[in-house]
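*Asks:* Below is one structure. I have some questions about it.
The values are calculated or read from the model by the stated rules, or taken from the named source; none is laboratory data. These figures come from a predicted structure and were not determined experimentally. For neighbour counting, all protein chains shown are included, and Cβ atoms are generated from backbone atoms with ideal geometry for every residue, glycine included. Protein only, heavy atoms only, side chains kept; ligands, DNA and RNA dropped before computing areas. Shrake-Rupley method; radii C 1.70, N 1.55, O 1.52, S 1.80 Å.
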Amino acid sequence: MLAPFVLAAAVASAVAFPAAGTYSYAASLNGEPVGNWSVSVKGLQSGTEVDENSSASLMGMQLAAQAALVLSGDLSPTRYDGHYKTPNQSPNVSVSLTPSSATVMGLMSAQPQQLALAGGTRHFVVIEPGLLAGLFALPAQLASWKEASLTWVTPTSAQAQVLTTGPPTAARPAGVPGSDVLLSIASPIAVGIWYDPATLVPDRISVPSQNAVLTRIR
């Protein structure tokens, strides 16, 4: 009789995340298409990996990125590796994390930078501005942790800032499913993520200050 209770407890405590598979997005800037982003979710023995591929054409420049974000069983990031390509350089960045510290090899320093959790926060997230993997994972992370403030690590700049959420006040854009809910990031930069609360998959990510939008392709 004990086994069913143990199984039920394990199911109840399972951490929800978007199902394994590939999710594709179209990117626009000022209303004009600029490229395509995608993430592939795959399960690991000890967690989840989110692999990103993106390509864009901005002001005549061809840009591309590949990244891998590894999450532990509770969705805390443990590793991020990014490989980016611009017309003039092909930089690599990496972040390795424990529950209380992050070691970043970014673009601004030849030496690894040690970062700590910001005061009042209990979890890191790794988000590269302009890329998708970290933002894709965010609705599931916040739903699991139920926290309004996190420490946002930016790989390229090796900086840690406080991410705070705000009230979901934006109007529903055209094309966003009626069942989606809005996750509003208030700082360090305003970001709106419309996502399906059943699957935790983002359908639309917008950065109003940059007039940038990622829209899921179904």
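*Asks:* Kindly check whether there is at least one residue in the range 47-65 that is farther than 27 Å from V176 by Cβ, of a type in the set (D, E, K, R), part of a strand (DSSP E or B) and open to solvent by 30 Å² or more (accessible area, probe 1.4 Å).
*Replies:* Checked the range 47-65: at least one residue is farther than 27 Å from V176 by Cβ, of a type in the set (D, E, K, R), part of a strand (DSSP E or B) and open to solvent by 30 Å² or more (accessible area, probe 1.4 Å).
*Asks:* So, one more: Give the residue that is surrounded by the most Cβ atoms within 10 Å (Cβ to Cβ), with candidates limited to residues of the range 101-112 that are in contact with a strand residue (DSSP E or B) (Cβ under 8 Å, 6 or more places away or on another chain) and closer than 27 Å to N53 by Cβ.
*Replies:* This residue is V104.
*Asks:* Sticking with this one: Of all residues in the range 167-184, count the ones that are in contact (Cβ under 8 Å) with a residue 40 or more places away in the chain and either closer than 24 Å to T154 by Cβ or of a type in the set (S, T, Y) (or both).
*Replies:* Qualifying residue count for the region: 1.
*Asks:* Mind checking which residues of the range 138-156 are open to solvent by 30 Å² or more (accessible area, probe 1.4 Å), more than 24 Å from R216 (Cβ to Cβ) and hydroxyl-bearing (S, T, Y)?
*Replies:* Answer for the range 138-156, where residues must be open to solvent by 30 Å² or more (accessible area, probe 1.4 Å), more than 24 Å from R216 (Cβ to Cβ) and hydroxyl-bearing (S, T, Y): S149, T156.
*Asks:* Looking at the range 40-69 only, could you name the residues that are touching a strand residue (DSSP E or B) at 6+ places or on another chain (Cβ under 8 Å), under 13 Å from L29 (Cβ atoms) and among the aliphatic types (A, V, I, L, M)?
*Replies:* Scanning the range 40-69 gives A56, L58, L63.
*Asks:* A further question follows. Among the residues of the range 113-137, which ones are touching a Gly at 6+ places or on another chain (Cβ under 9 Å), open to solvent by 20 Å² or more (accessible area, probe 1.4 Å) and either charged (D, E, K, R) or part of a loop (DSSP other than H, G, I, E, B) (or both)?
*Replies:* Once the filter is applied, which keeps residues that are touching a Gly at 6+ places or on another chain (Cβ under 9 Å), open to solvent by 20 Å² or more (accessible area, probe 1.4 Å) and either charged (D, E, K, R) or part of a loop (DSSP other than H, G, I, E, B) (or both), the range 113-137 yields only L131.
*Asks:* Next up: Of all residues being under 12 Å from P155 (Cα atoms) and either touching a Ser or Thr at 6+ places or on another chain (Cβ under 7 Å) or not in a strand (DSSP E or B) (or both) in the range 103-112, which is modelled with the highest pLDDT? Just the residue, please. Full working, then the answer.
*Replies:* First pass over the range 103-112, keeping only residues under 12 Å from P155 (Cα atoms): 103-109, 112.
From the residues that got through so far, the ones that are either touching a Ser or Thr at 6+ places or on another chain (Cβ under 7 Å) or not in a strand (DSSP E or B) (or both) too are 103, 105-109, 112.
Working: T103: 97, M105: 94, G106: 85, L107: 81, M108: 76, S109: 74, P112: 94.
Going through the qualifying residues, I end up with T103.
*Asks:* Let me ask something else about it. Looking only at the range 66-81, decide whether some residue is open to solvent by 50 Å² or more (accessible area, probe 1.4 Å), within 15 Å of T48 (Cβ to Cβ), assigned to a strand (DSSP E or B) and not basic (K, R).
*Replies:* Yes, that holds for at least one residue.
*Asks:* Can you tell me which condition L97 does not meet? The list is (1) surrounded by 14 or more Cβ atoms within 10 Å (Cβ to Cβ); (2) farther than 14 Å from T154 by Cα, and all the others hold.
*Replies:* Answer for L97: the failing condition is (2).
*Asks:* Same structure, new question: Suppose the filter is free of Cβ contacts under 8 Å to residues at least 24 places away in the same chain and either out of contact with any helix residue (DSSP H, G or I) (no Cβ under 9 Å at 6 or more places or on another chain) or under 16 Å from A137 (Cβ atoms) (or both); does A102 pass it?
*Replies:* Judged against the criteria, A102 is not a match.
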